[in-house]
Amino acid sequence: MSPAPIEKLIEVMARLRDPEAGCPWDLEQSFETIAPYTIEEAYEVADAIASGDREVLKDELGDLLFQVVYYAQMAREEGGFDFDAIAEAVADKMIRRHPHVFGDGDVADAAAQTRAWEAQKAAERADGRADADTAAPTLAGVARALPALIRAEKLAKRAARVGFDWPTTDDVIAKIKEELAETEAEISAESPRDRLEDEVGDLLFAVANLARKLDVDPEAALRRTNDKFTRRFAHIEARLRERDKTPEQSSLEEMDRLWNEAKAEGGSA
């Protein structure tokens with residue numbers, strides 16, 4: 001009988017890392033060198049979802065799963081955990097965090113479940129501390145490796161749960177205006193780069209908070225804008241090619257007119 005697909009994948013990974021007959025590239029890798037590939041694969045999954053192509057999504061999910069198998073193999077070589085331990089741990093975690101499904105708990109709706117989930121996570125972080133009498137820091141566990149925009153939203157959301165938040169959306173907008181004014185002041189003063197970086201960072205953090213208050217995913221919103229910018233700029237280049245010109249040979253005024261043309265046409269190239 002043929003092995004289950006996951007067993008086949010685990011065996012493929014073991015062969016790739018075989019000290020005698022494995023792949024030289026795979027044998028050189030470590031947790032640290034593989035981590036960037038994992039992040040890249042996660043984004044490729046997101047791109048495949050956005051494209052709506054389920055065949056591409058299947059392939060990208062396979063690549064992401066392979067990353068997990070890779071870490072499991074390296075950990076097993078160290079005498080640590082393996083793939084089964086990873087799967088068992090996450091299954092136990094899901095059971096623990098869904099008492100309304102696997103136990104006698106009760107939640108009213110998705111929002112209530114989100115609050116319960118975060119409360120359970122906080123309790124688990126506290127249980128893992130050496131000093132059980134000391135509360136876990138509110139912002140503990142928000143990974144530094146996250147994209148900065150995502151991390152900003154998560155940090156603010158954690159702080160908001162303990163009452164550190166603007167009461168209304170208008171208050172956040174006022175904060176954005178305040179940060180913009182401070183940024184403009186630093187620009188006028190020709191401040192050094194680190195001061196400008198601080199002020200622009202404060203401005204971006206405030207905008208991330210506005211997205212949070214509006215229940216808008218800031219990363220998804222910026223991805224949409226990036227795609228929109230790409231489409232509209234492609235329109236500019238296409239129209240310039242019709243005139244046997246490149247952007248470098250064009251003026252800002254001409255490109256701006258073509259940009260507005262792209263906006264009127266919905267950004268199509």
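Could you check region 172-269 for helices (runs of 4 or more DSSP H) lying wholly inside it with 3 or more residues that are of a type in the set (A, V, I, L, M, F, W, C) and touching an Asp or Glu at 6+ places or on another chain (Cβ under 8 Å)?
Passing ranges, in order: 193-213.
Out of the residues in region 13-25 that are surrounded by 13 or more Cβ atoms within 10 Å (Cβ to Cβ) and of a type in the set (A, V, I, L, M, F, W, C), which is farthest from Val69 (Cα to Cα)?
Leu16
Have a look at Ala156, Ala140 and point out the one that is assigned by TED's automatic domain parsing to the domain that holds Asn209, of a type in the set (A, V, I, L, M) and modelled with pLDDT of 80 or more.
Being assigned by TED's automatic domain parsing to the domain that holds Asn209, of a type in the set (A, V, I, L, M) and modelled with pLDDT of 80 or more holds for just one of Ala156, Ala140, which is Ala156.
Quick one: which residue in Ala238, Ala159, Ala211, Ala174 is free of Cβ contacts under 8 Å to residues at least 12 places away in the same chain and not charged (D, E, K, R)?
Ala174
Specify which of the listed residues (Ala72, Ala50, Ala21) is out of contact with any Cys (no Cβ under 8 Å at 6 or more places or on another chain), under 28 Å from Asp217 (Cα atoms) and hydrophobic (A, V, I, L, M, F, W, C).
Testing whether each residue is out of contact with any Cys (no Cβ under 8 Å at 6 or more places or on another chain), under 28 Å from Asp217 (Cα atoms) and hydrophobic (A, V, I, L, M, F, W, C) leaves just Ala50.
Looking at region 236-262 only, could you name the residues that are surrounded by 12 or more Cβ atoms within 10 Å (Cβ to Cβ) and closer than 27 Å to Ala211 by Cβ?
Hits for region 236-262 are Trp259, Ala262.
Any residue in region 221-234 that is more than 27 Å from the chain's Cα centre (by Cα), at pLDDT 95 or above, not acidic (Asp, Glu) and not assigned by TED's automatic domain parsing to the domain that holds Phe164?
No, there is no match, as no residue in region 221-234 is more than 27 Å from the chain's Cα centre (by Cα), at pLDDT 95 or above, not acidic (Asp, Glu) and not assigned by TED's automatic domain parsing to the domain that holds Phe164.
The values are calculated or read from the model by the stated rules, or taken from the named source; none is laboratory data. Note that the structure is a prediction, hence the values are computed from the model and not measured. Counting neighbours? That spans all protein chains shown, and the Cβs are built from the backbone with ideal geometry, glycine included.
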